[in-house]
1. Does the stretch 204-217 include one or more residues that are within 30 Å of Thr356 (Cβ to Cβ), in a loop (DSSP other than H, G, I, E, B) and open to solvent by 20 Å² or more (accessible area, probe 1.4 Å)?
2. Name the residues in the stretch 130-145 that are touching a Leu at 6+ places or on another chain (Cβ under 9 Å) and without any contact (Cβ under 8 Å) to a residue 24 or more places away in the chain, would you?
3. So how many residues does the stretch 130-148 have that are of a type in the set (A, V, I, L, M, F, W, C) and under 18 Å from Ala166 (Cβ atoms)?
4. Test Ile27 against the stated conditions and say whether it is surrounded by 14 or more Cβ atoms within 10 Å (Cβ to Cβ), among the aliphatic types (A, V, I, L, M) and at pLDDT 70 or above.
5. What are the residues in the stretch 320-363 that are under 30 Å from Phe118 (Cβ atoms), modelled with pLDDT of 90 or more and of a type in the set (A, V, I, L, M, F, W, C), if any?
6. Which residue, of Arg96, Arg121, is part of a loop (DSSP other than H, G, I, E, B), among the charged types (D, E, K, R) and in the same structural domain as Gly302 (by the TED database)?
7. Condition first: hydroxyl-bearing (Ser, Thr, Tyr) and more than 19 Å from Val217 (Cα to Cα). Can you find one or more residues in the stretch 305-326 that meet it?
8. If Gly71 satisfies all but one of (1) in contact with a Lys or Arg (Cβ under 9 Å, 6 or more places away or on another chain); (2) in the same structural domain as Tyr261 (by the TED database); (3) crowded, with 17+ Cβ neighbours inside 10 Å, what's the number of the condition it fails?
Amino acid sequence: MIIDTTEVQTIKSFSRLESLKEVYETIWMLVPILILILGITIGVLVIVWLEREISASIQQRIGPEYAGPLGILQALADGIKLLFKENLLPSRGDTRLFSIGPSIAVISILLSYSVIPFGYRLVLADLSIGVFLWIAFSSIAPIGLLMSGYGSNNKYSFLGGLRAAAQSISYEIPLTLCVLSISLLSNSSSTIDIVEAQSKYGFWGWNLWRQPIGFIVFIISSLAECERLPFDLPEAEEELVAGYQTEYSGIKFGLFYVASYLNLLVSSLFVTILYLGGWNLSIPYILIPEFLEINKADGVFGTTISIFITLAKTFLFLFISITTRWTLPRLRMDQLLNLGWKFLLPISLGNLLLTTSSQLLSL
């Protein structure tokens, strides 16, 4: 059988086009991920700058002001400095655990951003188990901290890692029970469905009003999960030098620093999604129904407004978290565990039972 030369060229050009199409589709799949990572990076830099400015105002001192306008490039300058510092390894420690620990802490938190909606259908992965996937990912981070503390061959580091694991277990359970209550109210575990369930009555449709007890427990548990004051026992400098990060230097120390702010940002975003209506405007439909349709607009303007509303609510909660850090004193370890197991766990269980009963009665 003789095949014409033109047919061979046509087949080759077709296969070349198919391969180019696959490459293009792969690149197009990576674009949203890269945009999300860029946005997260900018968000962390802004949070660091805000914390320094707010803490300076609370303490009546001058904050960063030389690196860039209003000192906004100070966090970037610190990151570049850490990048070029020498990376030291403990001579008698487990170097593999020591090196892997910071990466696990950062990657597990970064994966949580894949289920966060910033607007109507503006989410990397709309999964039916979105909120519980976040809890699953966030529970991996303390394993990295425990590995870092154990691999450092330092008693202060190891104690910090053990504290991080104990604290995470203590406050993960009340946090999960609060999320479960929200899922029952919304009849879904998808982050988009939870936001949509709050959109009917605007400001009064927020889960904040239907779950006030769960909201308070969620805030306290999320602060403990982020290891923020008054719950920063794993790195208490008066007791453990710097906790699990005592032996770290250079970029590995910077990864722990970034992980704490990534965790704070993702917790604030989930407070916005679960309790504050997400990207929806806080105006009831009764007042201006046609204006609220902007929430479901697919254009650039609607998307921009949705992202702006989500971030505005998120940074409001961030402001509360930052001011809490510079207002309240640190708890003792026994007080921290008592708060988690003896108070928050029974309260969150009672809140879940009340939510379940109300849902059953409404059927």
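1. yes
2. Of everything in the stretch 130-145, just one residue is touching a Leu at 6+ places or on another chain (Cβ under 9 Å) and without any contact (Cβ under 8 Å) to a residue 24 or more places away in the chain, namely Leu133.
3. Residues in the stretch 130-148 being of a type in the set (A, V, I, L, M, F, W, C) and under 18 Å from Ala166 (Cβ atoms): 7 in total.
4. For Ile27, the condition - surrounded by 14 or more Cβ atoms within 10 Å (Cβ to Cβ), among the aliphatic types (A, V, I, L, M) and at pLDDT 70 or above - is not met.
5. Within the stretch 320-363, Leu344, Leu352 meet the criteria.
6. Going through Arg96, Arg121 in turn, the sole match is Arg121.
7. yes
8. (2)
The values are calculated or read from the model by the stated rules, or taken from the named source; none is laboratory data. Model, not experiment: these values are computed from the prediction. Here the Cβ is made from the backbone with ideal geometry for all residues, glycine too, and neighbour counts use every protein chain on show. Calculation scope for accessible area: heavy atoms of the full protein, side chains included, ligands and nucleic acids excluded. Shrake-Rupley method; radii C 1.70, N 1.55, O 1.52, S 1.80 Å.
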